[in-house]
Amino acid sequence: MNLIVDMPALQLILLAIIFLSIMIEIKTGGLGIGALLGLVAAAVFWGSSYVNGLVSIYQIALFLGGILLIVIELITPATGILAAIGIFLMLYSMVLALGGNISAIYMLLGALIIAVIIFIIIVKHLPSSRLWKKVVLQNSSTSEQGYISSTNQSSLLQREGIVLTELHPAGTILVDGQPIDVVSEGVYINKGASVRIIKIDGSRIIVRKI
């Protein structure tokens, strides 16, 4: 355990994996390999630090609270605020765990840069979640780009379509050959399933499996 704690290079790698896993989960909206790698890296980082008396239960609780808020954001049709608070709590807890000084901030920035570089390389190969589309403002896409504008959404009520990307609960369906960003009622729906648009709430289009 001391080896993990006393080697900045290993800390940097673990933090980079944690950051990368968060980015992947925000991008995909599904608890997959990214989440697993992140959990393992977090367990090693926090476990070794706790065993050696370098962190407190309070700091670990802050980190876990941040994770919980991000998970809630991913599985519910929220606004992105929970994810932002969750990320802040995670970063704050990590700064405290690394000593709460300028060196801790440099360590986090280094890990973040590594994670961003790797994420940029793989991002095009990952599916997009509802939360990711909020982050990159995809909801402002026009009909000419293949998406329905908010002014045309009311005509979609009770229309049926086919799931184009798995709903976790966010994803994309195909209605009359046109892709539409939707969310389910909080349940997972397989690709290829038939769904009906049952509610339009602002910019959110809610579907139900039929």
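What follows draws every value from the coordinates through simple rules; no lab data is involved. This one's a predicted model, so the numbers in the text were calculated from it and none came from an experiment. When we count neighbours, we look across all protein chains shown, and the Cβ atoms used for this are built from the backbone with ideal geometry, even at glycine.
For S56, S21, S155, which order do you get if you count the other beta carbons within 10 Å of each Cβ and list the fewest first?
S155, S56, S21
May I ask for the net charge around I197, where only other residues with Cβ less than 10 Å from the Cβ of I197 are counted and Lys, Arg are +1 while Asp, Glu are -1?
Its environment carries a net charge of +3.
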